[in-house]
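Here is the structure we will look at, set down as structure tokens.
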């Protein structure tokens, strides 16, 4: 059976590292984002296909899975990686911004997981991975919407991990406890290794993907070795 990975919320950071690693492992890669123009260089580099979709819209999620099926085969690895947030004091938060944060961070995760599970149940197995954050387990002042969304995403992951594991679908939630290194966010000269290397994070996703069924992980925390917790 051909292995196909669908990365939802793809961009230049962790998603790009995951896409490169999967492609190097011989896995067909589909990348989904609201704006796919930003993915052109990556898709050309690794031979992936990109699909425009808003993960918070049910009809667009269903169309995304149908399009991926038609061009690459039904995905048996699905990674949910979108993120959106609004910040500010509680009394000043814009309700529309809060609603969008919850839609992108949590509701979209439900839609993608539901579409993936329907197909994986027919296939007899698969993997659904969710990218969390420090806010998945620890809320910060003036960041209530993001914490609400990430707490909800973690609850979704825990619930369906228990439901789907007996059906050979591996659900895992990854708590990224720290900033991810990038060209615009390098490590400070006086504090090396203070951010997470996206390639190292991606390697952990692959390690979890390869776990034997007798010892599956539903959640893992990743942080720099200098990070307090």
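The values are calculated or read from the model by the stated rules, or taken from the named source; none is laboratory data. Bear in mind that the values here come from a model prediction, so they are computed numbers and not experimental data. Counting neighbours? That spans all protein chains shown, and the Cβs are built from the backbone with ideal geometry, glycine included.
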Selection within segment 9-33 - surrounded by fewer than 22 Cβ atoms within 10 Å (Cβ to Cβ) and modelled with pLDDT under 95: 11, 12, 13
Complete set of residues in segment 181-221 that are assigned to a strand (DSSP E or B) and surrounded by fewer than 18 Cβ atoms within 10 Å (Cβ to Cβ): 220, 221
Which listed residue is assigned to a helix (DSSP H, G or I), over 12 Å from the mean Cα position of the chain (by Cα), closer than 19 Å to residue 136 by Cα and in contact (Cβ under 8 Å) with a residue 12 or more places away in the chain, from 38, 100: 100
The lone exception for residue 41 - which of (1) surrounded by fewer than 16 Cβ atoms within 10 Å (Cβ to Cβ); (2) under 26 Å from residue 170 (Cβ atoms) it fails: (2)
Test result for residue 19, part of a helix (DSSP H, G or I), within 14 Å of the chain's Cα centre (by Cα) and under 24 Å from residue 222 (Cβ atoms): yes
Residue within segment 51-61 that is crowded, with 20+ Cβ neighbours inside 10 Å, assigned to a helix (DSSP H, G or I) and either in contact (Cβ under 8 Å) with a residue 12 or more places away in the chain or touching a strand residue (DSSP E or B) at 6+ places or on another chain (Cβ under 8 Å) (or both) present: yes
Options 88, 126, 97; residue that is in contact with a strand residue (DSSP E or B) (Cβ under 9 Å, 6 or more places away or on another chain) and either surrounded by fewer than 18 Cβ atoms within 10 Å (Cβ to Cβ) or within 30 Å of residue 73 (Cβ to Cβ) (or both): 126
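Rundown of residues vs (1) under 13 Å from residue 176 (Cβ atoms); (2) in contact with a helix residue (DSSP H, G or I) (Cβ under 8 Å, 6 or more places away or on another chain), yes/no style:
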{"site": "186", "(1), (2)": "no, no"}
{"site": "202", "(1), (2)": "yes, yes"}
{"site": "206", "(1), (2)": "no, yes"}
{"site": "215", "(1), (2)": "no, no"}
{"site": "223", "(1), (2)": "yes, no"}
Any hit, segment 139-146, residues being within 17 Å of residue 81 (Cβ to Cβ) and under 16 Å from the mean Cα position of the chain (by Cα): yes
Lone qualifier among 135, 152 - being free of Cβ contacts under 8 Å to residues at least 24 places away in the same chain, buried (at least 16 other Cβ atoms within 10 Å of the Cβ), in a helix (DSSP H, G or I) and touching a helix residue (DSSP H, G or I) at 6+ places or on another chain (Cβ under 6 Å): 135
In segment 100-123, the residues that are under 17 Å from residue 14 (Cβ atoms) and surrounded by fewer than 24 Cβ atoms within 10 Å (Cβ to Cβ): 104
